[in-house]
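Q: Before I ask anything, here is the structure I am working with.
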Amino acid sequence: MVSPILELTNINKSFGHVHANKDINLTINKGTIHGIIGENGAGKSTLMSIVFGLYQANSGEIKINGKETKLRSPKDSIVNGIGMVHQHFMLVENFTVLENIILGFEGETVFGAKLEKAKADLKKLCETYNFNIDLDATISDLSVGFRQRVEILKSLYRGAEILILDEPTGVLTPQEVDELFKILRSLKEEGKTIVLITHKLIEIMDLTSQVSVMRQGEMVGHTKTEETNKEKLAEMMVGRSVLLRVDKSEAKKGEVVFKVNDLSVKDDLDVIRVKNINLEIRSGEILGIAGVTGNGQTELLEALSGIRKVESGSIELFNKKISDKQNYLNPKMLKEKGLAHVPEDRQRMGLISDFKAYENLIFGYHDQEPFSKSSILKHKEIHEHSYKVMKEYDVRPNSPNLITSNFSGGNQQKIILSRELNENPKVLLVGQPTRGVDIGAIEFIHQRLIDMRDKGAAILLASVELDEVLSLSDRIIVMFDGKIVGEKDNKNVTDRELGLLMAGVTE
Amino acid sequence: MSNIVVDKSKVPWWVSNLIVPLVNLTLALIVSGVFVFIAGENPIEAVKLIIYGSFGYIQGFAYTLYYTTNFIFTGLAFAVAFHCRLFNIGGEGQAYIGGLGVFLVAINLSFLPVPIVWLLSIFGAFLFGAAWAFIPAYLQATRGSHVVITTIMFNFIASSLMIFLLVDVIRDTAQMAPHTVKLPEQLWLPSFEAFSGILGVKIRYSPLNLTFLLAIASLFFVWFLIWKTRWGYEMRAVGHNTKAAVYAGISPNKNIIIAMCISGGLAGLLGVNEILGVSHKIQAGFPAGYGFTGIAVALMGRNHPIGILPAAFLFGILYQGGSEVTFEMPNITRYMFVAVQGLIILFSGALENLFRPQIESFFVNRLNKDKEAKA
């Protein structure tokens, strides 16, 4: 007996020009674990946020237990038995587990008999599902795995029948993942429905009975997990979309410019994100890093550009050590050595969105001639330069005095690129160069990068767009879980092979 | 909660920078008027008195400008730090210590030619104020101790330190009161009385002095620093987005320290007005709240010198006109005017965005309609 608990019909959702969900249909059966898989930006999180009432769909219909339901806020969803565990936990750190679970729950008081009852109910829940949580522990004392359990418990206590987990294993250690899976299986046995959003194929194969694949905002297929395999899923996930192949000649590789020896890097939360990486980049070549976001690419680029401290190992530029555990050159010094960096996150790192366009066009070069002399900014020169490069890179509108946040994402990206490429750097680190950029501009940017390569620059390109990595790179490395899991020459590699490596499947 | 969404790029500058502050100011004055009414006086008469007191006769106007001078310094001080997103509420203490700098330089170097003593005293004021801001800045940069906490504590430390110095170290021993000896008369900055003869009016006394020109110069200095130099650019970058600043090779720590020191230095210049210009000696508690009012001046002036000048002038009017009112209207005490100031801070600072969306959307809609009508 299979009865659908949640049915979505023709769900559409746009953010400005971005069509995040296109005519999505999805049926989830009661008492199953249903996987939703897709690359980053495929629209999985958007879809689930619609189900949880965080966003409202532009059109489409949601049925819960066969009844059409409007979900206008998370409260509506909770009432209808939907719970969600977000990637980033929503817990008050200095409250206890019990306090966090009761917090904001309608009809509960924090004192007296009701509290005791809540505690007893929760204890029972914990026992049923083997949660093993001390209700009086303070959240800040708990590990990430336990915090996640608190989130799950919170949803269950509020009567969740459908539990949505958004990339639940991203922050967990392998042991914690095992524990989580045990809990999820016991939830399923008790009749709960679980929706698992992930980009890791192993988890899908391990846990789910049904799987739906999303790509670029569309639902590209539903199958039973037992009727498919990792290869087929990877193929669906990555797609067979037409590659934007760039005309490029054979790379004329020169000497080694950048050398990374046994490098490890930690993120802001002190988690090791880059694990003992070795790599070399030669002048005149583009080395592409393929990989799903969050597998250490960001931290690697930040360490190479001098933003992030190195945990162990070393980095050499032009045969001179620039960073190791003790010392590292800051971005300014590296810039003077001819290194340019297009950061992955343009909003938070590449630009100051409250600054005017011309101010961002000199950002990081503002202390150099001709933009400033004796520490005084040369506004005439800066404006002339701004008009020139904005025209050259077709930044629209061509008005240097406009505040940067008023430009579209693609044009903001062009502002960064024009700034970083204009100096003809010898080494270029590029993260997600074409994220949110329209097709025409993508071609232009790609051609620029190839031109730079032909002029002898060494380029390291990290992108979640497999097409981009394939069409630009001369060599490709795949990063998974902070390690390089594969290195391929771009002449004889298929996107399917890379897709599998990206999902952590190694032969 | 207001749900009005305004496309910021479509709001004309004069709406957000002129209309909105004026509406906020008007509201503050209306509420103040209610207080005046409750106190048993006629609010219209009170407004008339304020205007007469601050503009009506030349001496009153000179007082207004004297207060304006102090507010320009403390307003600019707050604004410079704020461009680096630092909330320097230690202007009071920095001004106090700045006064010490003026006095020590002037009294110890009085053998030098007078204009040089003036210049060095100004420098001393700036340096002492900056030094007093440096400690909280250093703690913020290297230890993460929040400047809001440390600067306010440094106000108390400055106050205690100055009392100690004024009682035990540099007190005028011929006196019982906690103040120093007067500076030699040739070092006093020329006051407005000296110029008033040239202008064809004769006034008995005014505290307005040459420091007013220094305040105007400081407005230009800050404008130039923030928008025309590399330092200002870097400070603003750190203030807006620290992560991006690091990416661009700009050191947040260095800029926190620079911004705070310039801020403290500007607050210190208040000592030039008070000591070289007016009292010619250090008196206990001479900053008298100017440092705090400077926060309101900066917020109202949107942290831009062009806004700070009228805001400082407005507070000058309130100070001077206010004392006129308390003199003429027995039911209104000095503290009423502290309340009025508080209301202005409340409406133009804390509640700054209360009516902003409504006002902005009103104008955006009207302008759109005009455009459509034309098209």
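The values are calculated or read from the model by the stated rules, or taken from the named source; none is laboratory data. What you see is a predicted model; the values in this text were computed from it and never measured. For neighbour counting, all protein chains shown are included, and Cβ atoms are generated from backbone atoms with ideal geometry for every residue, glycine included. The area values use the complete protein model at the heavy-atom level, side chains included, leaving out ligands, DNA and RNA. Shrake-Rupley method; radii C 1.70, N 1.55, O 1.52, S 1.80 Å.
Q: Can you list the helices (runs of 4 or more DSSP H) found entirely within segment B:1-112 that contain at least 3 residues being under 18 Å from B:Phe286 (Cβ atoms) and open to solvent by less than 10 Å² (accessible area, probe 1.4 Å)?
A: On the way: elements: B:20-38, B:43-51, B:58-83, B:91-108.
In segment B:1-112, B:58-83, B:91-108 are the helices (runs of 4 or more DSSP H) which contain 3 or more residues that are under 18 Å from B:Phe286 (Cβ atoms) and open to solvent by less than 10 Å² (accessible area, probe 1.4 Å).
Q: Then there's this: Kindly indicate which of B:Ala244, B:Ala237, B:Ala217, B:Ala259 is among the aliphatic types (A, V, I, L, M), assigned to a helix (DSSP H, G or I), more than 13 Å from chain A (Cβ to nearest Cβ) and surrounded by 24 or more Cβ atoms within 10 Å (Cβ to Cβ).
A: Numbers: B:Ala244 fails: more than 13 Å from chain A (Cβ to nearest Cβ); B:Ala237 fails: more than 13 Å from chain A (Cβ to nearest Cβ); B:Ala217 fails: surrounded by 24 or more Cβ atoms within 10 Å (Cβ to Cβ).
Being among the aliphatic types (A, V, I, L, M), assigned to a helix (DSSP H, G or I), more than 13 Å from chain A (Cβ to nearest Cβ) and surrounded by 24 or more Cβ atoms within 10 Å (Cβ to Cβ) holds for just one of B:Ala244, B:Ala237, B:Ala217, B:Ala259, which is B:Ala259.
Q: Between a first residue in segment A:323-344 that is at the interface with chain B (Cβ under 8 Å from one of its Cβ atoms) and under 22 Å from A:Ala462 (Cα atoms) and a second residue that is open to solvent by less than 30 Å² (accessible area, probe 1.4 Å) and polar (S, T, N, Q), which pairs have beta carbons less than 6 Å apart while being 6 or more apart in sequence or on different chains?
A: The qualifying pairs are A:Pro331/A:Ser305; A:His341/A:Ser305.
Q: Which of the residues belonging to segment A:317-327 are open to solvent by less than 40 Å² (accessible area, probe 1.4 Å) and not in a loop (DSSP other than H, G, I, E, B)? Reasoning before the result, please.
A: Our first condition is that a residue be open to solvent by less than 40 Å² (accessible area, probe 1.4 Å); within segment A:317-327, this holds for A:317, A:322-324.
A:Leu317, A:Ile322, A:Ser323, listed by residue number.
Q: A further question follows. Being at the interface with another protein chain (Cβ under 10 Å from one of its Cβ atoms) and touching a strand residue (DSSP E or B) at 6+ places or on another chain (Cβ under 8 Å): is that true of A:Ile403 here?
A: Details: at the interface with another protein chain (Cβ under 10 Å from one of its Cβ atoms): yes; touching a strand residue (DSSP E or B) at 6+ places or on another chain (Cβ under 8 Å): yes.
Judged against the criteria, A:Ile403 is a match.
Q: Could I ask something else about it? Within segment A:377-397, does at least one residue satisfy the condition of being in a helix (DSSP H, G or I), within 11 Å of another protein chain (Cβ to nearest Cβ), farther than 27 Å from A:Gly291 by Cα and modelled with pLDDT of 90 or more? Full working, then the answer.
A: Residues of segment A:377-397 in a helix (DSSP H, G or I): A:379-392.
Filter once more, so that each one left must be within 11 Å of another protein chain (Cβ to nearest Cβ): A:379, A:382.
If we keep only those that are farther than 27 Å from A:Gly291 by Cα as well, we get A:379, A:382.
Subset that is modelled with pLDDT of 90 or more: A:379, A:382.
Within segment A:377-397, one or more residues are in a helix (DSSP H, G or I), within 11 Å of another protein chain (Cβ to nearest Cβ), farther than 27 Å from A:Gly291 by Cα and modelled with pLDDT of 90 or more.
Q: Pick from segment A:340-376 the residues that are charged (D, E, K, R) and either more than 20 Å from B:Gly232 (Cα to Cα) or not in a loop (DSSP other than H, G, I, E, B) (or both): which of them is most open to solvent (accessible area, probe 1.4 Å)?
A: Taking segment A:340-376 as the starting set, the residues that turn out to be charged (D, E, K, R) are A:344-346, A:348, A:354, A:356, A:359, A:367, A:369, A:373.
Checking which are either more than 20 Å from B:Gly232 (Cα to Cα) or not in a loop (DSSP other than H, G, I, E, B) (or both) leaves us with A:344-346, A:348, A:356, A:359, A:373.
On the way: A:Glu344: 32, A:Asp345: 47, A:Arg346: 32, A:Arg348: 141, A:Lys356: 75, A:Glu359: 12, A:Lys373: 111 Å².
Looking at the filtered set, the residue picked out is A:Arg348.
Q: Now a separate question. Pairs only if they're at least six apart or on different chains, beta carbon under 8 angstrom, first in segment A:114-134 and closer than 18 Å to A:Leu180 by Cβ, second open to solvent by 50 Å² or more (accessible area, probe 1.4 Å); list them, first residue then second.
A: So the pair list comes out as A:Cys126/A:Asn132; A:Thr128/A:Glu190; A:Tyr129/A:Glu190; A:Asn130/A:Lys182; A:Ile133/A:Phe146.
Q: Separate question: Can we say A:Arg453 is touching a residue at least 60 places away in the same chain (Cβ under 8 Å) and touching a Gly at 6+ places or on another chain (Cβ under 7 Å)?
A: Numbers: touching a residue at least 60 places away in the same chain (Cβ under 8 Å): yes; touching a Gly at 6+ places or on another chain (Cβ under 7 Å): yes.
So A:Arg453 fits the description; yes.
Q: Further, regarding this structure: Provide a single number: the residues in segment A:47-89 that are open to solvent by 20 Å² or more (accessible area, probe 1.4 Å), part of a helix (DSSP H, G or I) and free of Cβ contacts under 8 Å to residues at least 40 places away in the same chain.
A: 4
Q: For segment B:278-375, which helices (runs of 4 or more DSSP H) that fit wholly inside it have 3 or more residues that are crowded, with 18+ Cβ neighbours inside 10 Å and either at pLDDT 90 or above or within 24 Å of the chain's Cα centre (by Cα) (or both)?
A: Details: elements: B:290-300, B:305-328, B:334-345, B:356-374.
Answer list for segment B:278-375: B:290-300, B:305-328, B:334-345.
Q: Given (1) at pLDDT 90 or above; (2) part of a loop (DSSP other than H, G, I, E, B), where does A:Leu184 come up short, assuming only one miss?
A: Every condition holds for A:Leu184 apart from (2).
Q: Let me ask something else about it. Determine which single condition A:Gly291 fails, assuming it passes every other condition in (1) within 21 Å of A:Glu487 (Cβ to Cβ); (2) in contact with a Leu (Cβ under 6 Å, 6 or more places away or on another chain); (3) open to solvent by less than 20 Å² (accessible area, probe 1.4 Å).
A: Result: A:Gly291 fails condition (2) only.
Q: Oh, and also: Taking A:Glu369 as meeting all but one of (1) charged (D, E, K, R); (2) within 12 Å of chain B (Cβ to nearest Cβ); (3) under 26 Å from the mean Cα position of the chain (by Cα), write down the number of the exception.
A: It fails just one condition, (3).
Q: Of the residues A:Gly294, A:Gly288, A:Gly284, which single one is in contact (Cβ under 8 Å) with a residue 60 or more places away in the chain, small (Gly, Ala, Ser) and assigned to a strand (DSSP E or B)?
A: Numbers: A:Gly294 fails: assigned to a strand (DSSP E or B); A:Gly284 fails: assigned to a strand (DSSP E or B).
That would be A:Gly288, the only listed residue that is in contact (Cβ under 8 Å) with a residue 60 or more places away in the chain, small (Gly, Ala, Ser) and assigned to a strand (DSSP E or B).
Q: When you go through (1) over 16 Å from A:Leu361 (Cβ atoms); (2) facing chain A (nearest Cβ under 7 Å); (3) touching a residue at least 12 places away in the same chain (Cβ under 8 Å) one by one for B:Lys228, which number turns out not to apply?
A: The number of the failed condition is (3).
Q: Please list, ordered by residue number, the helices (runs of 4 or more DSSP H) wholly in segment A:410-507 having 2 or more residues that are at pLDDT below 80, closer than 30 Å to A:Val389 by Cα and open to solvent by less than 30 Å² (accessible area, probe 1.4 Å).
A: Numbers: elements: A:439-454, A:466-472, A:495-502.
Correct list: A:439-454.
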